[in-house]
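Before any comments, here is the structure.
The values are calculated or read from the model by the stated rules, or taken from the named source; none is laboratory data. These figures come from a predicted structure and were not determined experimentally. With ideal geometry, Cβ positions are generated from the backbone for all residues, glycine too; neighbour counts draw on all protein chains shown.
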Amino acid sequence: MGLQEFQVVGRHLPTTNEPNPKIYRMRIFAPNEVVAKSRFWYFLRQLKKVKKASGEIIGVNVIHEAKPLKVKNFGIWLRYDSRSGTHNMYKEFRDLSRADAVKSLYQDMAARHRARFRSIHILRVVEIAKSDDVRRPYIKQLLTPNLKFPLPHRVGKSAATFVANRPSTF
């Protein structure tokens, strides 16, 4: 499920009482434009008295990452419905784009909490610019300068097919 970030802009249809209705804009993560519009109406119906029958979508744009090759840290605020109730949560991810970080969030929530896509509401996604602002230790451990990973069990290539001793792999 590849997610994209959409900007969906919509409003209530103009009426005689309200000729210039307020315009609402949302940044929504969805696999395609159809799902993005559907989620827009779902959230707008909860927040304001506007539904699809009495509203219109002004525009749908895909938001692309400014620097898609730079690794960034993201903080994500979310709200999800579990089997026992509704919970607020803050999680951090290290990824190349906001959409990839949200995709990792959905995978993580499915694995750790058995939360489905429909039960997760993303409230905010923020790129953490300063490494001092990172809160979670599993992201902090990756921020150390000159970070090196061990390469265990290296098997060197032997010149001969049959040799007298076993290879040393440590």
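Taking the criterion of being out of contact with any helix residue (DSSP H, G or I) (no Cβ under 7 Å at 6 or more places or on another chain) and either modelled with pLDDT under 95 or loosely packed, with under 12 Cβ neighbours inside 10 Å (or both), would at least one residue in region 35-47 satisfy it?
Filtering region 35-47 for residues out of contact with any helix residue (DSSP H, G or I) (no Cβ under 7 Å at 6 or more places or on another chain) gives 35-40, 42-47.
Narrowing further to those that are either modelled with pLDDT under 95 or loosely packed, with under 12 Cβ neighbours inside 10 Å (or both): 46-47.
Yes - at least one qualifying residue is present in region 35-47.
Out of curiosity, is Leu142 modelled with pLDDT of 90 or more, touching a strand residue (DSSP E or B) at 6+ places or on another chain (Cβ under 8 Å) and outside any strand (DSSP E or B)?
Details: modelled with pLDDT of 90 or more: yes; touching a strand residue (DSSP E or B) at 6+ places or on another chain (Cβ under 8 Å): yes; outside any strand (DSSP E or B): yes.
Judged against the criteria, Leu142 is a match.
What about Arg45, is it among the basic types (Lys, Arg) and under 15 Å from the mean Cα position of the chain (by Cα)?
Numbers: among the basic types (Lys, Arg): yes; under 15 Å from the mean Cα position of the chain (by Cα): no.
No; evaluated as a whole, the condition is false for this residue.
Among what's in region 10-26 and is within 29 Å of the chain's Cα centre (by Cα) and surrounded by 15 or more Cβ atoms within 10 Å (Cβ to Cβ), pick the residue that is nearest to Val126 (Cα to Cα). First the steps, then the outcome.
Of region 10-26, the ones within 29 Å of the chain's Cα centre (by Cα) are 10-12, 22-26.
With the extra rule that they be surrounded by 15 or more Cβ atoms within 10 Å (Cβ to Cβ), the set shrinks to 10-12, 24, 26.
Details: Gly10: 23, Arg11: 26, His12: 29, Tyr24: 20, Met26: 15 Å.
Here the residue is Met26.
Just name the residue that is farthest from Asp108 (Cα to Cα) out of those in region 1-54 that are touching a residue at least 60 places away in the same chain (Cβ under 8 Å) and not in a strand (DSSP E or B).
Selected residue: Phe43.
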